1. Which of (1) surrounded by fewer than 23 Cβ atoms within 10 Å (Cβ to Cβ); (2) at pLDDT below 95; (3) not β-branched (V, I, T) is the odd one out, the single condition A:N320 does not satisfy?
2. Output yes when any residue across the range A:365-379 is open to solvent by less than 30 Å² (accessible area, probe 1.4 Å), touching a residue at least 40 places away in the same chain (Cβ under 8 Å) and among the hydroxyl-bearing types (S, T, Y), and no when none is.
3. Within the range A:385-397, is there a residue that is outside any helix (DSSP H, G or I), open to solvent by 10 Å² or more (accessible area, probe 1.4 Å), acidic (D, E) and within 14 Å of another protein chain (Cβ to nearest Cβ)?
4. Can you tell me which residue within the range B:46-86, out of those that are open to solvent by less than 20 Å² (accessible area, probe 1.4 Å) and either out of contact with any helix residue (DSSP H, G or I) (no Cβ under 9 Å at 6 or more places or on another chain) or among the hydrophobic types (A, V, I, L, M, F, W, C) (or both), is farthest from the other protein chains (Cβ to nearest Cβ)?
5. With the structure loaded, tell me whether A:K183 is free of Cβ contacts under 8 Å to residues at least 24 places away in the same chain and under 30 Å from A:N124 (Cα atoms) or whether it fails that test.
6. With the requirement that a residue be open to solvent by 60 Å² or more (accessible area, probe 1.4 Å) and either on the phi > 0 side of the Ramachandran plot or touching a residue at least 60 places away in the same chain (Cβ under 8 Å) (or both), what does the range A:44-72 give you?
7. Name the residue that is nearest to A:S287 (Cα to Cα), counting only residues in the range A:153-188 that are within 14 Å of another protein chain (Cβ to nearest Cβ) and either buried (at least 18 other Cβ atoms within 10 Å of the Cβ) or modelled with pLDDT of 95 or more (or both).
8. Could you list, in sequence order, all residues of the range A:236-247 that are open to solvent by 30 Å² or more (accessible area, probe 1.4 Å) and more than 8 Å from every other protein chain (Cβ to nearest Cβ)?
Amino acid sequence: MRSKEGNPARAAWLVLAGLVVVMLTIAGCGGGGSDTTGGGSSDEALQKVGKGEGQLNLISWAGYVEPEWTKPFEQKTGCKVSDKEAGTSDEMVELMKTGQYDGVSASGNATARMVAAGTVAPVNTDLVPNYKTVFSDLKDQPYNTFEGVNYGIPHGRGANLLMWNGNDVKPAPDSWDVMFDPKIAAKYKGKISVYDESSYIADAAMYLKFHQPDLGIENPYELNEEQFNAAIELLKEQQANVGEYWSEAAKQISAFAGGDVTVGTTWQYQYFALKEEGAPVEASPASQGFLPKEGATGWSDTWMIAKDAKHPNCMYEWMNWIISPKANAQVAEYFGEAPAQELACKETANPSFCAEYHAEEPDFWKRVYYWETPLADCGNGEANCMDYNDWVKAWTSIKG
Amino acid sequence: MGHRLAGLFQGRRRLQIGALLAGPIGWLVIGYLGSLALLLVAAFWSVDPLSGLTVKSFTLENFEALWNEPVYRTIVWRTIRTALLVTLTDAVIAFPIAFYMAKVASRRGKALLVVGILLPLWSSYLVKVYAWRTLLGTHGAINWALEPIGLHGPGYGTTAVWLVFSYLWLPYMILPIYAGLERIPDSLISASEDLGASPFTTFRRVILPLSFPAVVAGSIFTFSLTLGDYITPRLVSNDQFIGNVIFSNIANNQPFAAALAMVPIVVMIAYLLVARKLGAFEHV
């Protein structure tokens, strides 16, 4: 039944050869050139907010753009909001490169990369009246201000949680020992749940900063080779005790609910979801009111405007709206994070919300290490730190 | 105008075929192979560490990194090993089912079996993997069923990956074997019996050689699908497959991800060459 029109294998070889020729041609043409454009330091921020363009395209974390506070915004400004939810910081960086969006709610491990890639523009904070009453310890931070230029409006912040099953882990831990100390963690062998992303290396660095001060770790995102290797060693030791690495919230929820894991690092979202299901989980700081003694990694998110935003006026309106007292209180309560707006604390449905989330306690946040992008430039003028690609590769080798 | 156009094609067979195929072949070459080529070219480029933008100058550093880091060899080998194991498992399970369908079952039974095999393909892949996740969990159905006899299920891990893959790709193995067995005339089997061959000899000397190309054809599906998957390992184990590493690198280091993507392509080409030697393409 072989086809009489020649040999299919020969045809396959011809296609393959064609592919190679095309590839070599493209590689040759691209040779020598470099596409990298420098940062956006010379860009001008908007000087005056004009009339809205009637449309606004956003990238956000799930729960940041919800009808409750988006509908009133649309009615007030006439800017119709279309939102794309992203699951990870990497995804946000990729989506912003498409140039189809006006703005993004970026975490600190994405902001520097977006500024360097030139996909975002400086923000003129004078055009955002509500910015005046944003908590001052959120302003001019290394993850939202670059070379003295503001690149965004703070949205809210939170700490990553240490969560455990109250029936299996007693007494309630007050330290990340339960996950990192080889002796203590061995008690929960195969029952430990770890966030599956290279940024988790910072959790190990934070633990070492507290327990091995002679390593000299200042910032868990700025690690020289020696400090970095110590963190990797710790994570490789931990690997033997890990039950599951999670990156989808749903996966971790099912593991805790099904009893497959009993202790792990998590977000407010999973903790709420498990509480709602009636799972016997507890978490620090969520249910304990205090951080583990080493502190915690966390996030502080920033609304940034795209460099070539098609609807810049609407984006400025949005940045002002999302940190207005009422809207910022709504989004903070919905998501389970501390609001960025001081005045939001008077607007929350739960009157003690800000107290529960330590929104007004700068000392609490001093021990929360917000996600940052690891850069070769250590911030001390030296360029001997491990960069993001080193982190990604090391993470692959930890899991093996 | 229409007449003139028709006149142009009149009697010119090559032109007719050319016009007919221009669309699909153009799509294949430009849309499909072109984008693939573009992706793979990136394997010879590098990335600016901060901005994640591609630097378009020729370098082999991605392949050197791939070669020098033992962890990638471990991952590649794990992926290939699992793909082979899943293929073997599916072949062993699928053959008797396909044989029963093709040679033993009544018309009605055959129809029922075909529907039964195709039915799982109607539900979402993710739903099936999450279902297995629930089954394999500590308090899942498998442990519940095994507990009374003092046994434990495999839990999450390498065994779970093997189980789930074998389940997911089984229909892709059964259908080609079924089609292959259907084509063997019953008279050949009768002739073998008439000449005094035992059922086992008939199977070994007649049925197996004639249906082997179909098994190889089915194995191309099970092998390549396992080779490229990254969601199943992620959901039922901590194992990293080639796809997982590509996924974790694609956002910030596309060139390295592209270099990694070369590995399954090379493996697949080798596999197809072996499959061709074994005659998988003779009867399709």
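The values are calculated or read from the model by the stated rules, or taken from the named source; none is laboratory data. Note that this is a predicted model, so its numbers are computed, not measured. With ideal geometry, Cβ positions are generated from the backbone for all residues, glycine too; neighbour counts draw on all protein chains shown. Side chains included, ligands, DNA and RNA excluded: accessible areas come from the protein's heavy atoms. Shrake-Rupley method; radii C 1.70, N 1.55, O 1.52, S 1.80 Å.
1. All conditions are met except number (2).
2. Within the range A:365-379 (the criterion being open to solvent by less than 30 Å² (accessible area, probe 1.4 Å), touching a residue at least 40 places away in the same chain (Cβ under 8 Å) and among the hydroxyl-bearing types (S, T, Y)), the answer is yes, since at least one residue qualifies.
3. For the range A:385-397, residues outside any helix (DSSP H, G or I), open to solvent by 10 Å² or more (accessible area, probe 1.4 Å), acidic (D, E) and within 14 Å of another protein chain (Cβ to nearest Cβ): present.
4. The qualifying residue farthest from the other protein chains (Cβ to nearest Cβ) is B:V86.
5. Against the criterion (free of Cβ contacts under 8 Å to residues at least 24 places away in the same chain and under 30 Å from A:N124 (Cα atoms)), A:K183 does not qualify.
6. Once the filter is applied, which keeps residues that are open to solvent by 60 Å² or more (accessible area, probe 1.4 Å) and either on the phi > 0 side of the Ramachandran plot or touching a residue at least 60 places away in the same chain (Cβ under 8 Å) (or both), the range A:44-72 yields A:E44, A:Q47, A:K48, A:K51, A:E53, A:E68.
7. Residue satisfying both the conditions and the ranking: A:N165.
8. A:K236, A:E237, A:Q239, A:A240
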